[in-house]
Amino acid sequence: MLQEIINAFAPARCVDCLCEDTWYCERCRAHAPIATQSCIICKTERPRGTTCINCREETNITGIVSVAPYSNHALQRGIEWLKFKGIRPIADTLAGLIIPHLARIDSLDALSRCAILVPIPLHKNKLRQRGFNQSEDVAKAISALCNIQLAPILRRKKATKSQAKLSHDERPHNMHEAFEMAISKQEYSNIVARKPIIILIDDVSTTGATLMSASRAFPELPDVKIWCATIARG
Ligand SMILES: [Zn+2]
Ligand SMILES: [Zn+2]
């Protein structure tokens, strides 16, 4: 606990070269790999990250945008610092990296009028253990920077095992019916009537199982589009 408090006030260090006074220095940013956007299921390259025609029957997700592959060590370190070391100020930097990619969904101006940001929730036991939800921190930072409404309207009802510890084949089963709505169907309808673009926010997506399970928790309504935005793609 004491270590977490210390980390919350940790002096900034570049996630890549570890130089001081910045979470991501200009020099390293200039060399950052450019993300290739791809279909959430089959990972075929798609300029906007939209779900390809062959995979559309398997998910109600319209598309996914990400900053870079998880193999990018700078991003990996940034996520680890936030998630496991509790260095929460870095959420602003990670959010800043996602924002340019949100423009693949629609203009940031349109998103501020028509979209909501829904962070992937943690189960209450995990939340108690970690003390914060890293995806919510990132979503909050995006919301503050872009004026897109934050709407934590999902709840994780199942204490799932860490997806990272399971094989790719085991992951969908682990996530099956893991989420539910935290608000009534009527409240949900009222929100999406004004803001029909849902953007699910998570730190990492590998098989897409978590995001696809979360997207299935939303009641089906015409004209609502469900997008995902993650820092890294596995
Ligand atoms: Zn650097
Ligand atoms: Zn596909």
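No value in this document is a laboratory result; all are computed from the given coordinates. Given the structure is predicted, the values throughout are model-derived calculations rather than measurements. FYI the Cβ positions are ideal-geometry reconstructions off the backbone, even for glycines, and counts take in every protein chain you see.
For the range 138-234, report the translational diffusion coefficient in µm²/s to the nearest whole number, using Stokes-Einstein at 20 °C, 1.002 mPa s, and a Kirkwood Rh over Cα pairs.
On the way: Rh = 14.4 Å.
For the chosen part, D equals 149 µm²/s.
Of the chymotrypsin sites (Phe, Trp or Tyr not before Pro) in the range 23-87, which ones lie in a loop per DSSP and count no more than 13 other C-beta atoms within 10 Å? Mind showing how you got there, number by number?
On the way: sites: 23, 24, 70, 81, 84; in loops: 23, 24, 70, 84.
Sparse-neighbourhood loop chymotrypsin sites (Phe, Trp or Tyr not before Pro): 84.
What distance in nm separates the two pseudo spin-label positions at residue 85 and residue 22, each 7 Å out from Cα along the beta-carbon direction?
Those two pseudo-labels are separated by 1.8 nm.
Report relative contact order for the chain in percent, whole number only (criteria: Cα-Cα under 8 Å, sequence separation at least 6). Provide the component values of the computation, followed by the final result.
On the way: 406 pairs, mean separation 52.4, N = 234.
Worked out over the chain, it gives 22 percent.
Whole-Å semi-axes of the range 85-148's equivalent ellipsoid, largest first, each the root of 5 times a Cα gyration tensor eigenvalue? The partial results should precede the final answer.
Details: eigenvalues 118, 34, 13 Å².
Sorted largest first and rounded, they come to 24, 13, 8 Å.
Among DSSP beta bridges whose residues both lie in the range 33-233, state the antiparallel percentage, nearest 5. Provide the component values of the computation, followed by the final result.
Working: 5 of 27 bridges.
Around 20 percent of the beta bridges assigned by DSSP in the range 33-233 are antiparallel ones.
Using the basic label-point model (7 angstrom from Cα toward the beta carbon), what is the residue 31 to residue 169 distance in nanometres?
In this crude spin-label approximation the distance works out to 4.1 nm.
Excluding the sites themselves, what is the longest stretch of the chain that contains no GluC sites (Glu not before Pro) in a DSSP loop with at most 16 other C-beta atoms within 10 Å? Could the numbers behind the result be given before it?
On the way: sites that count: 57, 58, 170, 177, 220.
Longest gap between qualifying sites, sites excluded: 59-169.
Who wins for biggest fluctuation among 95, 182, 164 in a Gaussian network model of the chain, springs between alpha carbons below 10 Å?
Between 95, 182, 164, it is 164 that shows the largest mean-square fluctuation.
Note the direction-averaged projected area, equal to a quarter of the hull surface, for the Cα convex hull of the chain, in nm². Don't skip to the end; give the middle numbers.
On the way: hull surface 50.1 nm².
Taking the Cα atoms of the chain, their convex hull projects to 12.5 nm² on average.
Evaluate E = 1/(1 + (r/R0)^6) for residue 107 and residue 184, where r is the Cβ-Cβ distance and R0 equals 25 Å; express this FRET efficiency to the nearest 0.05. Kindly include the intermediate steps, with their values, before the conclusion.
On the way: r = 31 Å, r/R0 = 1.25.
For R0 = 25 Å, the calculated efficiency reads 0.20.
Could you give the length gained on full extension between residue 52 and residue 10, defined as 0.36 nm per residue of separation minus the Cα-Cα distance, in nm?
Details: separation 42, 0.36 × 42 = 15.12 nm, distance 4.23 nm.
Result: 10.9 nm gained on full extension.
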